[in-house]
Amino acid sequence: MAVRIIIGAQWGDEGKGKIVDLLSKESNYVVRYQGGANAGHTLKFDDKTIVLHLIPSGMFNGDSKCIIGNGVVIDPIALVEEIKEVEQLVDIDLHDRLFISSSAHVILPYHKVLDQVKEKSRGSDAIGTTGRGIGPAYVSKVSRVGIRMGDLLNPELLEEKIRKNLADINNALKHVYNEPELNADEMVSQLKPAIDTVKKYICNTTELLHNAVEMNEPILLEGAQGSLLDVDHGTYPYVTSSSPTAGGACTGSGVPPLAITHSLGITKAYCTRVGNGPFPTELDDSDGEKLRKNGQEFGATTGRPRRCGWLDLIALKYAVRLNGMNELALTKLDVMDDFETIKVCTGYELDGETIDHYPTETDQVERLKPIYKTFSGWQRSTRDISSYDELPENARTYIEFIEEFIGVDFTIVSTGPKRSETIVR
Ligand code: IMP
């Protein structure tokens, strides 16, 4: 039975949510394994639209158990909002559908404040975070002062930990950042209603998944963000604070590496990036504007306009190798329907030399000049096409060039945001 990781092969926003929703029908478990409410996974089905930030994208197609794994950082207040949204959208009983790892770390209001004041203090070196407290929550986790979802079940211990942590944090807020201090009593009472709602979902999800692996049950592991935002392998420090790449799927869920059967990379037919950091194929011209407009490229979490550019095959190949991707899905092909010509980056020039790999040094990535191959566009709508052979010839030429270059085939081609606008090969 398949245990499939679904990973962003770019800088996030590749359309992972749509693909997870599509494949969840055949899965018994769908597991988010890292990140937090910085993610925004948009699902469109039956004339309904929802943007999920924490709840796995397997809630609406079939009846898979949806797990928020130990690697995720959870803002209980944001989670309760999302639970309400899901319950309002569809008639669903989350009781036997949603499971939250007791080992997942909690994002507290102080993490969000720290995220924002740290960004402010970085000035022109700001990372462009989503401001959701993600980085500071992972800092608490790694510094071993984090609060875990299991701690929410013990109010006295929780209050004691919050008070202890706040003493340190208030010190920094007052003396380092010159910001107002936070009040522990207010924080505890602000959290209480959210804890009352989420506590029934908290359990040992690692054990659940170990049993599922042993019973050969199909599992989807849903990544957030993308490979190039990985804290180790991305354009550091312009990265998120977790590991969206394949290794993160194992540590963030407890599923062992040898249980993984498929690594499915999701890439758009072009590139986007939100926040700061190098982006070799970024376009500051009318083509970039057209990609943004056609693709509605505005952040699903923050609403920020996304930076847009041509598809970067060197970066894509790097993601494929990092994650051992043995399948690819191409999304948003329809966004390019009205382009006369389309470019793809097939190499870089770095300080006068041609290179064919993605550098690990961020200052080198900043200096890359892309080398492009130009394709004729297809200038026809690809929406509603459900069979690969019906795609315009120029679209197939573009797709097959990418497959040949990367050495992995597209098993899915998406031509619109709806579940139905998908070609499965
Ligand atoms: P953080 O994850 O909020 O700390 O932000 C770090 C970087 O990751 C920033 O450049 C964000 O814009 C980017 N980022 C975080 N989450 C997402 C996402 O879901 N999609 C795209 N970019 C993201």
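Listed here are the residues, each with its yes/no results for (1) open to solvent by 30 Å² or more (accessible area, probe 1.4 Å); (2) not assigned by TED's automatic domain parsing to the domain that holds residue 177.
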residue	(1), (2)
74	no, yes
85	yes, yes
116	yes, no
120	yes, no
125	yes, no
133	no, no
139	yes, no
157	yes, no
161	yes, no
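Any residue at all in the stretch 295-311 that is in the same structural domain as residue 414 (by TED's automatic domain parsing) and away from the ligand (no atom under 16 Å from the Cβ)?
Looking through the stretch 295-311, at least one residue is in the same structural domain as residue 414 (by TED's automatic domain parsing) and away from the ligand (no atom under 16 Å from the Cβ).
Counting residues that are closer than 28 Å to residue 255 by Cβ, which helices (runs of 4 or more DSSP H) fully inside the stretch 117-222 reach at least 3?
134-142, 184-198, 205-214
Tell me, please, whether a residue that is within 13 Å of the ligand (Cβ to nearest atom), in contact (Cβ under 8 Å) with a residue 24 or more places away in the chain and part of a helix (DSSP H, G or I) can be found in the stretch 38-56.
No.
Among the residues of the stretch 228-251, what is the count of those that are surrounded by 24 or more Cβ atoms within 10 Å (Cβ to Cβ) and in a helix (DSSP H, G or I)?
4
Could you please let me know if residue 102 is over 17 Å from the mean Cα position of the chain (by Cα), under 17 Å from residue 252 (Cβ atoms) and open to solvent by 20 Å² or more (accessible area, probe 1.4 Å)?
Yes.
So which residues in the stretch 342-362 are open to solvent by 80 Å² or more (accessible area, probe 1.4 Å) and either under 15 Å from residue 316 (Cβ atoms) or out of contact with any Lys or Arg (no Cβ under 9 Å at 6 or more places or on another chain) (or both)?
353, 354, 356, 357, 360, 361
Checking residue 254 against (1) in a loop (DSSP other than H, G, I, E, B); (2) outside the structural domain of residue 7 (by TED's automatic domain parsing), only one condition comes out false. Which one?
(2)
Six or more apart or on different chains, Cβ atoms under 7 Å: show the pairs whose first residue is in the stretch 257-276 and over 30 Å from residue 116 (Cβ atoms) and whose second is of a type in the set (Lys, Arg) and open to solvent by 40 Å² or more (accessible area, probe 1.4 Å).
From the stretch 257-276, the pairs are 261/4; 262/4; 264/4; 269/332.
What residue, among those in the stretch 277-294 that are assigned to a loop (DSSP other than H, G, I, E, B) and at negative phi, is farthest from the ligand (Cβ to nearest atom)?
Going through the qualifying residues, I end up with 285.
Testing residue 198 on (1) at pLDDT below 95; (2) in contact with a Pro (Cβ under 6 Å, 6 or more places away or on another chain), one condition comes back false. Which one is that?
(1)
I need the full set of residues from the stretch 397-420 which are open to solvent by less than 80 Å² (accessible area, probe 1.4 Å) and farther than 17 Å from residue 267 by Cβ, in order please.
Selection gives 397, 419.
Please identify the pairs in which a residue from the stretch 349-376 that is more than 20 Å from residue 228 (Cβ to Cβ) has its Cβ atom under 7 Å from the Cβ atom of a residue that is of a type in the set (A, V, I, L, M, F, W, C) and assigned to a loop (DSSP other than H, G, I, E, B), counting only partners at least 6 apart or on another chain.
none
The values are calculated or read from the model by the stated rules, or taken from the named source; none is laboratory data. All figures in this text were calculated on a predicted structure; none of them were measured in a lab. We place every Cβ from the backbone using ideal geometry, glycine too, and count neighbours over all the protein chains shown. Side chains are part of the model used for accessible areas, which takes the heavy atoms of the whole protein and leaves out ligands, DNA and RNA. Shrake-Rupley method; radii C 1.70, N 1.55, O 1.52, S 1.80 Å.
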